[in-house]
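**Q** Here it is, the structure in full.
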Amino acid sequence: MTIWRTATWNDNFVNHEWLQKLWYDPNPGPLMRLASLPLWPLHGLFIALTGTRRWLYRHGWLASQRLSVPVLVIGNIVVGGVGKSPLTIAAARYLIKQGCRVGILLRGYKGKKSRDGVLVDRASHVADVGDEALMIAHAVPEALVMVDADRVRGGQRLVKRGAQVVICDDGLQHYALQRDMEWCVFDARRGIGNGWRLPLGPLREPLARLDNVSAVLINRTGAPMAILDWLSRVPDDKRFDFVLSPVRVRRQSTGETAPVDVLAGKRVDAVAGIGDPKRFFATLTALGAQVRPHPRADHERHPFRGLPKDADFIVCTAKDAVKWTRGDPDIYVLEVEAQLPDQLLTQLDQLAGVRV
């Protein structure tokens, strides 16, 4: 059932403007609080079901399986986009440089073939494998990328194909697959919202879950000075900041690239079908672009429809770019990269040495 696996909450529900205000507005107002009363029974049911599920896994009543290679899970306990995929890409690239054969495992959200599982490469179709998996396959062609709704099965398939380390993009709550290391990611600007569990708030799990992860990563892109009081429970040596740095602009139709300062002073129609479009728009504004934002639903299949034709550039995220077709307007992709702190690189070295 959908309340049991939190990843299946409908995008339209999670991204609804009313719900976002309830979760993230520090003063939503009495009418908003009154309107949220019908959510209380679902809130209680969610806590009961997810708590029972965790207890069953912890005490062995539900089976979990370990792969024969080390597993890193990069996930979150807050719904919505926090910057997990750029971290996955950065971790995979680093391990590949160290000589590891890396497998990357995703659920393949909205991909037609994710139920049965399929290997992803640059020639895969976005409708089959989902936008995030195809984006990662383009970014890290040296890695084995697999989508599979059954993460245990998907991990086993990656191992059979030669993966020496498996990185799970999302799946922190998928306890059927045991893991050697967990990174939990947050967005500094949105934090934990009102601190409530779904659907009254954005939390999938309680903050106590952070006591068991290997590292807590704070995406400070656009919010470098945000004060996060709730992080006080996390020891300093387990807490790390990172930003998503824009590195280049790439024309989708030709592959030609240009420095990001080409956008300065230009009229830009910005398209973003991601969990937090505002962060993308803020990045473009910081580059000096005159931004006209076009937020799309997360995983939107046709993000470039209905755009005006008077901008100097149409700029989108890498996740949206994999859905571009020849019939769409000419677009440019703002490519960003996450820089991993040295302490996390040390963690990756330790991970790769566990059983490789």
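The values are calculated or read from the model by the stated rules, or taken from the named source; none is laboratory data. Remember, it's a predicted structure, so these values are computed and weren't measured experimentally. Positions of Cβ are generated from backbone atoms using ideal geometry, with glycine treated the same way; all protein chains shown enter the neighbour counts.
**Q** Kindly provide the set of residues from region 267-283 that are among the aliphatic types (A, V, I, L, M) and touching a helix residue (DSSP H, G or I) at 6+ places or on another chain (Cβ under 8 Å), ordered by number. First the steps, then the outcome.
**A** Keep residues of region 267-283 that are among the aliphatic types (A, V, I, L, M), which gives 268, 270-272, 274, 282.
Selection gives VAL268, ALA270, VAL271, ALA272, ILE274.
**Q** Further question on the same structure: How do the strands (runs of 3 or more DSSP E) wholly within region 188-264 filter down when requiring 3 or more residues that are more than 30 Å from ILE314 (Cβ to Cβ): which remain? Steps first, please.
**A** On the way: elements: 215-219, 239-242, 244-251.
Counting at least 3 such residues, we get 215-219, 239-242.
**Q** Under 6 Å by Cβ, and 6 or more places apart or on different chains, what pairs join a residue from region 269-296 that is at pLDDT 95 or above with one that is of a type in the set (Ser, Thr, Tyr)?
**A** So the pair list comes out as ALA272/THR317; PHE280/THR317; VAL291/THR285.
**Q** Does GLY81 count as within 21 Å of LEU203 (Cα to Cα), touching a helix residue (DSSP H, G or I) at 6+ places or on another chain (Cβ under 8 Å) and touching a residue at least 60 places away in the same chain (Cβ under 8 Å)? Give the steps one after another, and end with the answer.
**A** Working: within 21 Å of LEU203 (Cα to Cα): yes; touching a helix residue (DSSP H, G or I) at 6+ places or on another chain (Cβ under 8 Å): yes; touching a residue at least 60 places away in the same chain (Cβ under 8 Å): yes.
Answer is yes for this residue.
**Q** Tell me, yes or no, whether region 42-59 has at least one residue that is among the basic types (Lys, Arg) and under 30 Å from GLU142 (Cβ atoms).
**A** Residues of region 42-59 among the basic types (Lys, Arg): 53-54, 58.
Next, only the ones that are under 30 Å from GLU142 (Cβ atoms) stay: none.
Checking region 42-59: not a single residue is among the basic types (Lys, Arg) and under 30 Å from GLU142 (Cβ atoms).
**Q** Count, please, the residues in region 39-73 that happen to be in a loop (DSSP other than H, G, I, E, B) and of a type in the set (Val, Ile, Thr). Reasoning before the result, please.
**A** Of all residues in region 39-73, those in a loop (DSSP other than H, G, I, E, B) come to 59-64, 66-70.
With the extra rule that they be of a type in the set (Val, Ile, Thr), the set shrinks to 69.
Qualifying residue count for the region: 1.
**Q** Restricting the search to region 250-267, which residues are within 25 Å of the chain's Cα centre (by Cα) and under 21 Å from ARG305 (Cα atoms)?
**A** Hits for region 250-267 are ARG250, ARG251, GLN252.
**Q** Here is a check on your reading of the model: is ILE96 surrounded by 20 or more Cβ atoms within 10 Å (Cβ to Cβ) and outside any loop (DSSP other than H, G, I, E, B)?
**A** Numbers: surrounded by 20 or more Cβ atoms within 10 Å (Cβ to Cβ): no; outside any loop (DSSP other than H, G, I, E, B): yes.
No, not satisfied.
Okay, residues lined up against (1) loosely packed, with under 14 Cβ neighbours inside 10 Å; (2) among the charged types (D, E, K, R); (3) farther than 16 Å from ALA223 by Cβ; (4) out of contact with any strand residue (DSSP E or B) (no Cβ under 7 Å at 6 or more places or on another chain):
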position	(1), (2), (3), (4)
ARG248	no, yes, yes, no
ALA258	yes, no, yes, no
ASP269	no, yes, yes, no
GLY273	no, no, yes, yes
PRO277	no, no, no, no
THR285	no, no, no, no
